[in-house]
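The values are calculated or read from the model by the stated rules, or taken from the named source; none is laboratory data. In this text, all values refer to a predicted model and were calculated from it rather than measured experimentally. Using ideal geometry, Cβ is built from the backbone for each residue, glycine included, and neighbour counts are taken over all protein chains shown. The area values use the complete protein model at the heavy-atom level, side chains included, leaving out ligands, DNA and RNA. Shrake-Rupley method; radii C 1.70, N 1.55, O 1.52, S 1.80 Å.
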Amino acid sequence: MKLRTLEDLGDVSGTRLFVRVDYNVPLEAGAVADDARIRASLPTLRGLLEASASLVVASHLGRPKGQVKEEARLAPVAERLGDLLEMKVGYERTDGVVDDRVRDRCAGLAPGQVFLLENLRFDPGEEANDRAFAQQLASLADAYVDDAFGAVHRAHASVAALPALFLERGRPAVAGRLLEKEVGALSKLLGEPERPYLAVLGGAKVSDKLSTIGALVERVDALLVGGAMAFTFIAAEGGEIGKSLVEPERFDDVLAAKRRADERGVLIQLPEDVVAAPEISLDAKSQTVPAAQVPRGQMGLDIGPRTVEEFARAIAEARTILWNGPMGVFELEPFSAGTRGVATAIAGSSAYSVVGGGDSLLAIKRLGLEDAFDHVSTGGGASLEFIEGRELPGVKVLEVEG
Ligand code: ADP
Ligand code: MG
């Protein structure tokens, strides 16, 4: 898969570029609580500004559902972006996304200046992939850059209809540095990854990741399953799981995945032992028990030490590793050893390693291991859909034809 990139824009000096970014950041008390996503866009923005382009930057934030919601305004984001770029970032508190004021501000941008549009999802046209809304956005700039990896799996106007419109008009639509890097790194998991290819999945709900499990069974050599989702597998096969989290309505799905894995000779490895406690709390009395014999009144909250050893052994043999989802309730120290063990094993392996998932990222940040992986993906849903081999609307439109 080859994308058109910033190089395909040629000389951008004096041009106005529409840059779609993913600034869907957490806000607390009217300020940006975590600016990792803003920082991730800086290489693209700085490169374009140094080349004397002017930038109309746009993002969604939260789920305002086509209405103006005061708490979802991008004002705090404009502020933080300005701090990081060390310049004034233009912004207007508009009652929509594009109005006359915004058009004037964009038209008046000098080379090297930035204007941040209001939350794209304030306009119902964004999520509807509406062509008329895309036309309003297109009127603001000469060319299009997409650096919003976290949004490319959705057919929304700013990532789908808009770049298509630019291309129809014979104007460039390209991927920014972050999107280019994500697609490059994740592409290595498609095609011909070095084998054994191992996937490690965890997290809360099996239902969130069923399609990923289904797709990975067709691609990987082995699948290690931890976290709460393991209990749906264990219970489906008749194990005793106490009051661990479980999704009985998914028993048929996980059994089907197991059968398909058996057919393909792919091992789905479940925890052997788990750390169990009566409740999710820091001072609950915990014990290690066999994963399929969790006592009544107890819940499995982490993979146990033997499982960590087993998983680490499989990790050490792998040449390609995908990890998504914590192995336990890593937020609480008594249930964090499993996630720490798996993270450390992957970090120490020489395999090509990719980590995705919001909570998994939080876990590796806390462990100070962010730099120990070959790729840490910024897009949760988008990265899973990509590695499943699905076509993503916002990527497809930027592919070089032929
Ligand atoms: P990611 O964001 O990395 O994709 P998920 O959102 O799927 O991960 O799941 C993360 C959450 O799963 C964490 O908040 C963690 O506490 C929870 N979790 C993991 N294992 C268990 C378990 N055994 N019981 C209850 N919750 C769990
Ligand atoms: Mg999560």
Exactly one of Gly66, Gly125 is of a type in the set (Gly, Ala, Ser), in a helix (DSSP H, G or I) and either open to solvent by 10 Å² or more (accessible area, probe 1.4 Å) or closer than 25 Å to Leu398 by Cα (or both), and that residue is Gly125
Val294 passes all but one of the listed conditions (1) touching a Pro at 6+ places or on another chain (Cβ under 9 Å); (2) buried (at least 17 other Cβ atoms within 10 Å of the Cβ); (3) more than 30 Å from Lys188 (Cα to Cα); (4) among the hydrophobic types (A, V, I, L, M, F, W, C); the exception is number (1)
Given (1) at pLDDT below 95; (2) under 22 Å from the mean Cα position of the chain (by Cα), Leu189 misses just (1)
Is it the case that Ala284 is modelled with pLDDT under 95 and more than 16 Å from ligand 2 (Cβ to nearest atom)? yes
Is it fair to say Gly176 is surrounded by fewer than 23 Cβ atoms within 10 Å (Cβ to Cβ), under 21 Å from Gly379 (Cα atoms) and not hydroxyl-bearing (Ser, Thr, Tyr)? no
Taking first residues from the range 185-212 that are within 20 Å of Ala343 (Cβ to Cβ) and open to solvent by 30 Å² or more (accessible area, probe 1.4 Å) and second residues anywhere that are assigned to a helix (DSSP H, G or I) and more than 9 Å from ligand 1 (Cβ to nearest atom), the pairs with Cβ under 8 Å that are 6 or more apart or on different chains are Pro196/Glu317
All but one of (1) within 14 Å of ligand 1 (Cβ to nearest atom); (2) not in a helix (DSSP H, G or I) hold for Ser353; state the number of the condition that does not hold. (1)
Return the total of residues in the range 216-247 being more than 9 Å from ligand 1 (Cβ to nearest atom), crowded, with 17+ Cβ neighbours inside 10 Å and either not acidic (Asp, Glu) or not in a loop (DSSP other than H, G, I, E, B) (or both). 17
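Restricting the search to the range 367-402, which residues are free of Cβ contacts under 8 Å to residues at least 12 places away in the same chain and either touching a Cys at 6+ places or on another chain (Cβ under 7 Å) or within 16 Å of ligand 1 (Cβ to nearest atom) (or both)?
Glu370
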Can you tell me which residue within the range 342-371, out of those that are polar (S, T, N, Q) and out of contact with any helix residue (DSSP H, G or I) (no Cβ under 7 Å at 6 or more places or on another chain), is nearest to ligand 2 (Cβ to nearest atom)? Ser360
